[in-house]
1. Take the alpha-carbon centre of the stretch B:13-60, take the same for the stretch A:1-79, and report the distance between them in whole Å.
2. So for the pair residue A:131, residue A:89, with labels modelled 7 Å out along Cα→Cβ, what separation do we get in nm?
3. Return the distance in nm (one decimal) between the two label points of a simple spin-label model at residue B:38 and residue B:106, each offset 7 Å from Cα along Cα→Cβ.
4. Which ³J(HN,Hα) values, rounded to whole Hz and listed in residue order, are derived for the stretch B:99-106 from phi using the Karplus coefficients 6.51, -1.76 and 1.60 in 6.51 cos²θ - 1.76 cosθ + 1.60 with θ = phi - 60°, glycine and proline given as x?
5. Using the Cβ atoms and a cut-off under 13 Å, what net charge is assigned to the surroundings of residue A:11, where Lys and Arg are +1 and Asp and Glu are -1?
6. Please list, in chain and number order, the residues 5+ apart from residue A:98 or on another chain whose amide H is under 5 Å from its amide H, with Hs placed from the backbone.
7. Just need the relative contact order of the stretch A:35-186 here, percent rounded to a whole number, with Cα pairs under 8 Å and 6+ apart.
8. Enumerate the calculated ³J(HN,Hα) couplings along the stretch B:37-49 in order (Karplus 6.51 cos²θ - 1.76 cosθ + 1.60, θ = phi - 60°), each rounded to whole Hz, writing x wherever the residue is Gly or Pro.
Amino acid sequence: MVEIKEMEETYILDNCPLGAPFDPFSSARGEYPGYGERAREIRRRFFREVREKYGNCVLFAWDGGRIVGFLIFLPKLVARKLGLRTSREDELIDNTLVYVCMQIVPQYRNRKVGTELVNSLIDWAQQKGWERIEAHHIHKGDDAEGWRWSWGLPKWERIGFRISGKYEVDLHDRRVQLFSVALDIG
Amino acid sequence: MKSDEAVVDVIHSPWCFIEAPEESYKEKLEEKWKIKIRESNMWEIEDDTLDSLPKHISKTIRELRDPSNLGMAWYAGGSIFFLNGERLDLSPALKWPQVEKILEARSRKRKP
């Protein structure tokens, strides 16, 4: 059974992308030297610092002892410092979380794991006094084709997010229509 | 830095897909391609220290942090590469092998 848990000190996220169920306490890791222990250490340091300062920034979906999905979210100020897309307005900037990405290993998709992760994010944000969650780079596509480290627009709307922006970007020589969505939870 | 060395600057955004090479791999790349690799981590760079960085790096970080800059906003993490101050246009696949190809082509061109 899949269980959603906050990131704890025992395992700070350092493994991305998540291609298959992953036991964080096993030593089996990839071999690519551009993406090895040093990269993982930089990532761990970042997530640890954000967790210590803001309470948390990662939710994990566990099945037994293995991670089968995760959702990363960041305070808007942190997201902006990293160059992630955020809404332009600074209203509620200190009280807004930015959904960053969600990964679920292929065999666990279409089993409501994403819904549980996003609902857990909303619950966590409410409990900690955050007032808004925003998400960007949302594709219009239906649920199935919308999977690009995120959902397509229909799922966000179904869970209560409203469209807060609409824009186009060039992506691999294609002009793509994307959306921003937001949920007020104050 | 030696005068004939090229400089590869890498800006990491630490939440995802960063390609921070292992030290031994980095040394190997530097020696093989006669380059100097300089890395910066966006999380560790405060706005008030941007002016102390090479101009192409500070400009890129400023643009990334500007929420009204839609052109840059698609960038969502990972590592951005420059060769002698010019941003490299790389695909989303692993970056160092792509950089090596560019360096290889560059070195072929320089050979008499």
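Coordinate-derived values only; no laboratory data. Nothing here was measured: the structure is a model prediction, and the numbers come from that model. All Cβ positions, glycine included, derive from the backbone under ideal geometry; neighbour counts span all protein chains shown.
1. A separation of 22 Å, based on Cα centres.
2. Distance between label points: 1.1 nm.
3. That separation, rounded to one decimal, is 1.4 nm.
4. 5, 4, 4, 5, 5, 5, 4, 5
5. For residues surrounding residue A:11, the net value is +2.
6. Close amide H contacts, sequence-distant or interchain: A:74, A:76, A:134.
7. Values: 233 pairs, mean separation 27.2, N = 152.
Result for the stretch A:35-186 is 18 percent.
8. Listing the rounded values in order: 9, 10, 10, 10, 10, 4, 5, 9, 9, 8, 4, 7, 10 Hz.
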